[in-house]
Amino acid sequence: MKKIITILVVALLFSCGASKTVRQSKNTIKGQWVLNAINYSEAGTYNVTIFNDASKQCFEQSKWQFIPNNNTGIYSIANTNCTTGDRNFNFTIQEIDETTGLYHFLLKPTDAKGNSETNQGFRLKLSQLSEMSMQWQQTVSVDGKPFTINMNFSKL
């Protein structure tokens, strides 16, 4: 009887953890990335501020570091026409459908100690993830219609 209770407790602990797919994704995302390009689902010129921080031009070629064991990271903007420097964030990968492999990626800007001034985060679709590339998609509304921002990364 004691063994059965122990097995049930261990099974319960494992069932509460992240899924195998999410654990694999965290291992894949770990490390240094560069945000190569940002493009939009609609043609045209748009004035988009990404993550309430900076423009598309500032984010392109920014360097990103993901530390999955504590769900933190840093991105660095180096474009001299922008406010340069490091920005801290917390992130979470949430599996939304194991059969299709679809995920949501939650990103929350923070200070260096992990505190958020506004407690505001951003939900993105982690639409593609491999050992060397990653794509995020954020869908917003423009003139009442869906508008998708695609962010394409490559691993350094």
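Can you name the condition, by its number, that Ser76 falls short on among (1) among the polar types (S, T, N, Q); (2) open to solvent by 50 Å² or more (accessible area, probe 1.4 Å); (3) assigned to a strand (DSSP E or B); (4) under 19 Å from Lys108 (Cα atoms)?
(2)
With surrounded by 14 or more Cβ atoms within 10 Å (Cβ to Cβ), among the acidic types (Asp, Glu) and out of contact with any Ser or Thr (no Cβ under 7 Å at 6 or more places or on another chain) as the only criterion, which of Asp143, Asp53 stands out?
On the way: Asp143 fails: surrounded by 14 or more Cβ atoms within 10 Å (Cβ to Cβ).
Exactly one residue qualifies, and that residue is Asp53.
Kindly provide the set of residues from the stretch 99-143 that are aliphatic (A, V, I, L, M) and either modelled with pLDDT under 90 or assigned to a strand (DSSP E or B) (or both), ordered by number.
Going residue by residue through the stretch 99-143, those that are aliphatic (A, V, I, L, M) are 102, 106-107, 112, 124, 126, 129, 132, 134, 140, 142.
Leu102, Leu106, Leu107, Leu124, Leu126, Leu129, Met134, Val140, Val142 - these are the residues of the stretch 99-143 that are aliphatic (A, V, I, L, M) and either modelled with pLDDT under 90 or assigned to a strand (DSSP E or B) (or both).
Confirm whether Lys30 is within 22 Å of Ser133 (Cβ to Cβ), at pLDDT 90 or above and open to solvent by 50 Å² or more (accessible area, probe 1.4 Å). It would help to see each step written out before you state the result.
Details: within 22 Å of Ser133 (Cβ to Cβ): yes; at pLDDT 90 or above: yes; open to solvent by 50 Å² or more (accessible area, probe 1.4 Å): yes.
Yes; evaluated as a whole, the condition is true for this residue.
Might you let me know whether the stretch 139-155 holds any residue that is acidic (Asp, Glu) and touching a Phe, Trp or Tyr at 6+ places or on another chain (Cβ under 7 Å)? Can you show your working first?
As a first pass, look at the stretch 139-155 and keep what is acidic (Asp, Glu): 143.
If we keep only those that are touching a Phe, Trp or Tyr at 6+ places or on another chain (Cβ under 7 Å) too, we end up with none.
No: zero hits.
For Cys58, which of the numbered conditions (1) more than 22 Å from Ser127 (Cα to Cα); (2) in contact with a Pro (Cβ under 7 Å, 6 or more places away or on another chain); (3) not aliphatic (A, V, I, L, M) fails to hold?
(2)
The values are calculated or read from the model by the stated rules, or taken from the named source; none is laboratory data. Because the structure is a prediction, the values reported are computed rather than measured. Please note: Cβ atoms are built from the backbone with ideal geometry, for glycine as well, and neighbour counts cover all protein chains shown. Accessible surface areas use protein heavy atoms only, side chains included; no ligands, DNA or RNA. Shrake-Rupley method; radii C 1.70, N 1.55, O 1.52, S 1.80 Å.
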